[in-house]
Amino acid sequence: MAIRRDEAIILRTRDYSESDRLITFFSKNQGQLTGIAKGARRSKKRFVHTLEPCSHVAVTYMDRPTSGLVRLDASELKNAFIALRSDIARLGYASLSCEIVLHMSPERQANAALFALLYQYLEQLEIGAKPENTSLLFQTRMLHSSGYGPNLQGCVLCDRQLRTGENWFFSILQGGLVCKDHKHGQQPYPVSMGTVMLLRQAQQLPLSKLWRLRFQRQSRQECRFLLLDLVRHYLEKDLKSLKLLYQIGALKSTNNRI
Amino acid sequence: MSIYPPSLERLINNLSKLPGIGQKTAARLALYLFRASREFSESLATSISEVKKEIGICSRCFNLTDDDLCQICRDPSRDGILCVVEEVGDLLALEKAGAFRGRYHVLQGVLAPLDGIGPENLRIKELLQRLQPESIKEVILAINPSAEGETTTTYIAGLLRKQGVSVSQIARGIPMGGDLKYTDAVTLKRAMEGRRESC
Ligand SMILES: [Zn+2]
Ligand SMILES: [Zn+2]
């Protein structure tokens with residue numbers, strides 16, 4: 001048994017028993033962990049709103065090798081990203097990213113790059129960055145830094161290079177670009193050259209410069225469901241946060257797949 | 001194989017589904033009921049089925065009721081002001097404290113993106129539909145100050161203001177008997193924002 005102290009972002013909280021709560025958090029040094037917060041339901045004193053989803057906290061927990069769950073001993077609020085609460089769309093997009101990290105990051109596997117990405121993403125939303133643009137940047141970068149690509153060098157089914165082709169499509173099934181001769185049966189999404197170049201930049205720019213990128217109207221329309229569908233394809237499940245984003249009209253439920 | 005006869009086993013299983021009751025406690029309660037008088041166990045069974053048969057949800061405010069409208073909605077002296085709460089338990093607490101003398105509206109939850117709960121899953125539409133017929137001029141939002149509760153408060157306040165209703169929210173800050181030194185940053189911030197002229 002070891003007592004650890006770490007920085008973390010709260011991903012999800014659930015009631016566990018009459019008095020306890022189960023907290024899933026993404027820690028900087030240990031990756032995703034789930035812990036029991038004893039008494040967090042009954043007595044609000046010990047964990048007083050330091051365990052809210054999307055909050056940045058300093059946690060102290062007891063790691064127990066015999067159990068998958070850790071025991072959360074203390075949690076101190078570092079940044080509650082309070083401004084998110086004043087705008088349902090921003091909270092919706094913040095929750096979407098926490099949910100994606102919850103499902104895509106394996107337990108107990110540190111990923112400092114992903115931690116920094118999630119933290120900076122929440123910070124961007126907090127200071128008023130456009131939620132959808134910021135979310136598209138997050139999704140592109142998250143897929144890339146978790147090893148999911150996607151491949152944007154040229155057609156993944158033949159040798160055609162990006163600069164030699166004209167009409168390009170994105171195949172969710174292949175996890176990359178396909179040329180016009182190989183789009184059949186791939187449920188392809190049309191993508192313009194501008195969008196491909198933007199996505200490549202979002203994969204490679206240093207994190208501090210990522211947030212300057214802008215998805216203009218066309219790229220935004222092309223990528224809106226492409227990236228979400230790619231995430232859902234890898235997860236093999238839907239994301240709950242999308243329901244709220246649809247309901248408040250932040251996302252229109254039409255798809256641009258051809 | 002269970003060590004209990006089937007009917008006792010069924011009772012234990014049912015009891016263990018109650019909040020806060022584990023298998024051990026359920027077994028203890030079941031054995032107690034087995035030993036208790038016939039009158040007691042029959043009266044318990046009847047009262048459980050009566051609650052399910054007779055108690056419903058008020059069609060206007062979503063409080064508990066034994067009629068179409070709840071007692072509060074039927075009371076003509078309680079009008080004009082509406083207090084919006086998260087769940088029935090919150091309404092009962094305010095009633096018990098005698099803290100409010102108008103009518104209520106129970107949302108049946110808060111906006112919770114991670115649980116897939118959006119505006120359409122709460123009784124927000126029904127709230128807006130009450131404003132005109134009941135000539136409501138003022139709404140007090142008494143939603144718990146969690147992150148999700150605060151988001152819900154801001155969201156509903158925006159909708160109500162568009163309808164020309166005056167909106168306020170309950171104060172948040174240092175609890176009675178509290179101490180500034182031991183209060184966290186978010187609460188202190190909210191307490192400062194919510195200050196008022198001293199009397
Ligand atoms: Zn090809
Ligand atoms: Zn009622």
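Taking the inverse of the mean 1/r over every pair of distinct Cα atoms in chain B gives a Kirkwood hydrodynamic radius of 20.3 Å.
Bridgeable lysines around B:LYS24 (alpha carbons under 26 Å apart, same-chain partners fewer than 8 residues away excluded): A:LYS38. Translational diffusion of the protein assembly as shown was estimated from the Stokes-Einstein equation, with Rh taken as the Kirkwood radius over Cα pairs; at 37 °C and 0.692 mPa s the coefficient is 129 µm²/s.
Rolled with a 1.4 Å probe across the full set of protein chains, the surface gives B:THR65 an accessible area near 10 Å².
Local charge for B:PRO119 was computed over the other residues whose Cβ lies under 13 Å away, with Lys and Arg +1 and Asp and Glu -1, and equals 0.
Once both labels are positioned 7 Å from their Cα atoms along Cα-to-Cβ, the gap between B:SER2 and B:GLU87 label points is 2.9 nm. Rg of the Cα atoms in region B:6-54, relative to 2.2 N^0.38 Å, amounts to 1.17. Measuring between their Cα centroids, region A:61-111 and region A:162-180 lie 35 Å from each other. Over region B:77-169, the fraction of Cα-Cα pairs per 5 Å bin, rounded to whole percents and listed from the shortest bin up, is 3, 14, 27, 26, 19, 9, 3, 0, 0.
Using C-alpha pairs under 8 Å with a sequence gap of at least 6, the mean separation divided by the residue count of chain B gives a relative contact order of 13 percent. Between B:ASP75 and B:LEU18, the distance separating the two model label sites (each 7 Å from Cα on the Cα→Cβ line) works out to 3.0 nm.
Helix content alone sets the calculated 222 nm mean residue ellipticity of chain A: runs of n ≥ 4 DSSP H residues at -39500 (n - 2.57) each, divided across all residues, give -11000 deg cm²/dmol.
Take each residue of peptide B:148-158, count the partner chain Cβ atoms within 10 Å of its Cβ, and average: the result is 4. When chain A is treated as a Gaussian network with alpha carbon springs shorter than 10 Å, the biggest mean-square fluctuation among A:LEU11, A:LEU152, A:LEU118 belongs to A:LEU152.
Look at the alpha carbon pairs under 8 Å that are at least 6 residues apart: their mean separation over the length of region B:7-92 gives a relative contact order of 13 percent. Normalising by residue count, region A:124-258 has a Cα convex hull of 117 Å³ per residue. Counting Cβ atoms of other protein chains within 10 Å of each residue's Cβ and taking the mean over peptide A:85-92 gives 6. When chain B is described by a simple charge dipole with +1 on each Lys and Arg Cβ and -1 on each Asp and Glu Cβ, the residue from B:ALA185, B:CYS199, B:SER43 located farthest towards its positive end is B:ALA185. When you count the other C-beta atoms within 10 angstrom of each residue and take the mean per peptide, B:67-78, A:135-146, A:191-202, B:17-28 line up highest first as A:135-146, A:191-202, B:67-78, B:17-28. Take each peptide in A:22-33, B:36-47, B:83-94, B:119-130, count the other Cβ atoms within 10 Å of every residue, and average; sorted highest first, the result is A:22-33, B:83-94, B:119-130, B:36-47. About its Cα centre, region A:72-226 has a charge dipole of approximately 540 debye under the convention of +1 per Lys or Arg Cβ and -1 per Asp or Glu Cβ, with nothing else charged.
For chain A, leaving out every one of the GluC sites (Glu not before Pro) that falls in a DSSP loop and has at most 14 other Cβ atoms within 10 Å, the longest unbroken run is A:19-165.
Spin-label model, B:LEU128 to B:ASP66: label points 7 Å out along the Cα-to-beta-carbon direction sit 3.7 nm apart. Take each residue in B:113-125, count the other chain C-beta atoms within 10 Å of its C-beta, and the mean is 6.
The values are calculated or read from the model by the stated rules, or taken from the named source; none is laboratory data. These numbers were taken from a predicted model, which means no experiment stands behind them. Here Cβ is always computed from backbone atoms with ideal geometry, including for glycine, and neighbour counts include all displayed protein chains. Protein only, heavy atoms only, side chains kept; ligands, DNA and RNA dropped before computing areas. Shrake-Rupley method; radii C 1.70, N 1.55, O 1.52, S 1.80 Å.
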